[in-house]
Each structure stands twice: as C-alpha cells, then as structure tokens.
Amino acid sequence: MRGVDTGKLDRSEIVGMVAAAVLVLSLFLTWFSLSTDPDVVQRGADEENWACGVDNDSCSAWDTFPILRFLLIAAASAPFILAWIVMRGHALSWPRGELTAIVGLTAFVLIAYNGVVDKPNDGLQMDLAFGYWLAMLASLAIFVSGGFRAVESGGGARRKPPATF
C-alpha cells in the first residue's frame with residue numbers, strides 16, 4: 001500500500017486547493033445586487049420570478065442557482081483530487097493537472113455565462129457583486145494551477161507517429 005507524502009505537493013496544488021476553497025466560499029457571498037430605485041423595485045415586485053426574493057436587494061449564487069451551485073462544488077473538488085493523486089504517486093495516462101485545468105476552465109465559463117450572458121431577471125437592473133468576481137478569479141486560479149501542473153508533469157504519454165506499429 002502506498003503512503004501519503006505531502007512533501008510531493010507543489011505550489012500549484014496548494015494554490016489550486018486554496019482557490020477551490022475560495023470558490024466554495026464565494027457561493028455564499030453576494031453575486032448580484034439589485035437596484036434600489038423605487039421604479040425598478042415596483043417592477044420587480046410585479047414579476048413572478050424575483051431573482052433574490054421579494055424585498056431582497058442582493059443574492060448569492062447559492063440562493064440563485066439550484067443546479068450551478070452543485071456543479072461548482074464538484075469543480076472545487078478537482079484540485080483536492082489532484083493533490084491526492086500527487087501525494088499517493090498514482091500513475092496516470094494523461095498529464096497530471098490536465099483534467100483539473102479543464103474543470104477550472106469549465107467552471108469559469110459557467111460562471112461567466114450566468115453572470116454576463118444570462119443574468120437572472122435581466123429586465124431588472126442587476127449589478128455583479130464581489131462574490132461573483134471572487135468566483136471568477138477562483139475558477140481561473142484552478143484552471144491555471146492545473147495547467148501548470150500538467151506542463152510540469154511532462155505533457156503526458158508520448159504518441160507514436162502515424163502509420164507506425
């Protein structure tokens with residue numbers, strides 16, 4: 001049985017795990033703040049799907065996105081899985097960190113889409129708040145830390161040229 005050697009962790013794995021913890025924390029911070037202009041508030045009170053709940057002028061990702069919150073928690077587990085693989089010295093058929101980089105980039109795209117392209121209740125004046133930007137930064141850090149680990153690990157298995165056996 002292989003032992004766990006924390007000395008094998010590089011700076012990139014530690015940065016990835018910290019970024020993952022920040023990503024999960026950001027889910028509970030304010031992502032969207034609504035305008036407190038009385039006309040906007042009245043218009044929102046008439047709508048069935050008030051983004052942050054009636055009379056709330058801010059909301060978090062946890063309150064707003066019932067599916068995305070679990071996808072981002074799953075994405076935040078990737079750096080910890082990578083650290084486990086590195087500490088245990090498991091052999092992989094792909095570069096270590098490559099999957100973590102893909103997961104981080106996917107989380108970044110999902111966050112960007114839900115905050116820029118398809119905001120909840122776009123008819124209201126919603127501004128992106130601190131938690132949103134923190135989540136963007138954390139997902140980008142997961143992507144970069146996984147990418148650095150993939151480059152450091154040598155780029156994976158070498159492929160044979162075409163038509164060779």
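The values are calculated or read from the model by the stated rules, or taken from the named source; none is laboratory data. In this text, all values refer to a predicted model and were calculated from it rather than measured experimentally. Don't worry about glycine lacking a Cβ; one is built from the backbone with ideal geometry, like all the others, and counts go over all protein chains shown. In case anyone asks, the SASA skips ligands and DNA or RNA and just uses the protein heavy atoms, side chains included. Shrake-Rupley method; radii C 1.70, N 1.55, O 1.52, S 1.80 Å.
Here are the numbers:
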{"quantity": "Karplus (6.51, -1.76, 1.60) ³J(HN,Hα), θ = phi - 60°, over segment 90-104, in Hz, Gly and Pro reported as x", "calculated": "5, 8, 10, 8, 10, x, 4, x, 5, 5, 5, 5, 5, 5, x"}
{"quantity": "Solvent-accessible area per residue for segment 100-139 (1.4 angstrom probe, square angstrom)", "calculated": "48 Å²"}
{"quantity": "Accessible surface of segment 52-142 [probe 1.4 Å, protein heavy atoms]: carbon and sulfur percent", "calculated": "67 percent"}
{"quantity": "Packing rank of 98-104, 125-131, 59-65, where each peptide gets the mean count of other beta carbons within 10 Å, highest leading", "calculated": "98-104, 59-65, 125-131"}
